[in-house]
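Trainee: Pasting a structure below so you can have a look.
The values are calculated or read from the model by the stated rules, or taken from the named source; none is laboratory data. Predicted, not measured: the structure shown is a model, and the values here were computed from it. Virtual Cβ from ideal backbone geometry, glycine too; neighbours counted across all protein chains shown. These area figures cover heavy atoms from the full protein model, side chains too; ligands, DNA and RNA do not enter into them. Shrake-Rupley method; radii C 1.70, N 1.55, O 1.52, S 1.80 Å.
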Amino acid sequence: MLRSTLLALSKSPRVAKFVTHNSLSRRVVRRFVAGESLHDAVAAVRAVNHAGCLASLDCLGESVTTEPEARAAAAVYAGMFDRIAAENLVCNVSLKLTQLGLDLDRQLCQELLAEIVARADAHRNFVRIDMEGSAYTDRTIEICKRIHAQRDCVGTVLQSYLFRTEQDARDLISAGIRLRLVKGAYQEPPGIAFAKKSDVDANYVRVMKILLTSGLYHGIATHDPRMQEATKNFASEQGIRKDQFEFQMLYGIRTDLQAQLIREGYRLRVYIPFGTDWFPYFMRRLAERPANLKFFLSNLFRR
Ligand code: FDA
């Protein structure tokens, strides 16, 4: 109930205006978002690399409504690869197709993505297409496959709360596409998604096993210690080496578990979001964990 309310509010321009214009909320957001500029983000990547982790940079933004906005986002992404190379960072990028104008014009979105992936290729880097709500699943997969057929340094994300995910995993793996597995962060109708957490988790483990035995290098993205343990145990049983997959976690979340994975010799990529358009991302993080909402509200009303 709280989760669906927060996810519904994440689309409200009025709530967005209230939260983003409040200086206290901006301070709380810094726990999950590395800052507003690329300069801030690069500093966060440097620190994360220094701690022994890989990184993925996300310039926050989604659901753009004009072509100039989509082109501006694409220009930021293309420039990020130059900066990553110049700074010698161990870091790829994550982006959303609605940030590149998927809602406006699919052809434009695809062209912008192709340009970004070409720049990544020139730098021997990698683009991860985040997965958004289920209205975008088919298009995201189709676009990813199309671009991947030209250059293989692009992959996408699958969500274990969707019934279709096991089949999508097999299909994308057969095309040689590298995947990030997550539970899923959006509000989905019961007809297409598991409603019970135990079913989402069981499907996560099922798909994780498909990924780990596929011979491709994938990302297992979760803060759930039970999912991480299941992955470690399965890899060890199957003789899958620690450098044949990576764990992924979000900036600022369960840093204790992040440090533990590094101590144990696993590869960990930290997803580092930055930018001014942080409101929907922030609301999804609140929706995942009621304690975050309590922390946010107590700071918001503190004087
Ligand atoms: P779960 O929600 O069961 O949480 C397990 C435990 O993790 C909690 O008990 C708590 O301790 C901790 N935790 C989880 N979320 C927390 C939070 N916000 N704050 C503090 N503690 C928290 N989703 C999507 O739909 N498309 C995408 O492209 C991505 N991309 C992505 C990249 C990466 C690197 C990660 C880690 C996650 C995503 N997600 C995502 C989000 C994902 O779908 C999911 O909503 C969150 O990861 C929460 O699910 P968990 O697997 O962490 O487990």
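Trainee: Give the residue, chosen from Asp138, Asp82, that is closer than 26 Å to Gly191 by Cα and either charged (D, E, K, R) or crowded, with 16+ Cβ neighbours inside 10 Å (or both).
Mentor: Selected residue: Asp138, the only one of Asp138, Asp82 that is closer than 26 Å to Gly191 by Cα and either charged (D, E, K, R) or crowded, with 16+ Cβ neighbours inside 10 Å (or both).
Trainee: While we're on this one: Looking at the range 234-255, is at least one residue of a type outside the set (Gly, Ala, Ser), more than 18 Å from the chain's Cα centre (by Cα) and closer than 30 Å to Val29 by Cα?
Mentor: Checking the range 234-255: not a single residue is of a type outside the set (Gly, Ala, Ser), more than 18 Å from the chain's Cα centre (by Cα) and closer than 30 Å to Val29 by Cα.
Trainee: Let me ask you something else. Thr20 - would you say it is among the β-branched types (Val, Ile, Thr), at pLDDT below 95 and surrounded by fewer than 13 Cβ atoms within 10 Å (Cβ to Cβ)?
Mentor: Details: among the β-branched types (Val, Ile, Thr): yes; at pLDDT below 95: yes; surrounded by fewer than 13 Cβ atoms within 10 Å (Cβ to Cβ): no.
So Thr20 does not fit the description; no.
Trainee: Would you pick out the residues in the range 66-79 that are open to solvent by less than 50 Å² (accessible area, probe 1.4 Å) and touching a helix residue (DSSP H, G or I) at 6+ places or on another chain (Cβ under 7 Å)?
Mentor: Taking the range 66-79 as the starting set, the residues that turn out to be open to solvent by less than 50 Å² (accessible area, probe 1.4 Å) are 70, 73-74, 77-79.
Of everything in the range 66-79, those that are open to solvent by less than 50 Å² (accessible area, probe 1.4 Å) and touching a helix residue (DSSP H, G or I) at 6+ places or on another chain (Cβ under 7 Å) turn out to be Ala70, Ala73, Ala74, Tyr77, Ala78.
Trainee: Just wondering, is there one or more residues in the range 161-176 that are within 16 Å of the ligand (Cβ to nearest atom), under 18 Å from Ser56 (Cβ atoms) and outside any helix (DSSP H, G or I)?
Mentor: no
Trainee: Identify, please: which residue in the range 128-141 is without any contact (Cβ under 8 Å) to a residue 40 or more places away in the chain and of a type in the set (A, V, I, L, M, F, W, C) and is, among those, nearest to the ligand (Cβ to nearest atom)?
Mentor: Result: Ile129.
Trainee: On to the next question. Only one of (1) crowded, with 20+ Cβ neighbours inside 10 Å; (2) within 16 Å of the ligand (Cβ to nearest atom) is not met by Ser63, so which one is it?
Mentor: Only one criterion in (1) crowded, with 20+ Cβ neighbours inside 10 Å; (2) within 16 Å of the ligand (Cβ to nearest atom) is unmet by Ser63, namely (1).
Trainee: Within the bounds of the range 142-158, is there any residue that is touching a residue at least 40 places away in the same chain (Cβ under 8 Å) and in a helix (DSSP H, G or I)?
Mentor: Within the range 142-158 (the criterion being touching a residue at least 40 places away in the same chain (Cβ under 8 Å) and in a helix (DSSP H, G or I)), the answer is yes, since at least one residue qualifies.
Trainee: Ok, one more. Can you tell me which residue among Ala34, Ala55, Ala16 is touching an Asp or Glu at 6+ places or on another chain (Cβ under 8 Å) and touching a residue at least 24 places away in the same chain (Cβ under 8 Å)?
Mentor: Ala34 is the lone residue from the list that is touching an Asp or Glu at 6+ places or on another chain (Cβ under 8 Å) and touching a residue at least 24 places away in the same chain (Cβ under 8 Å).
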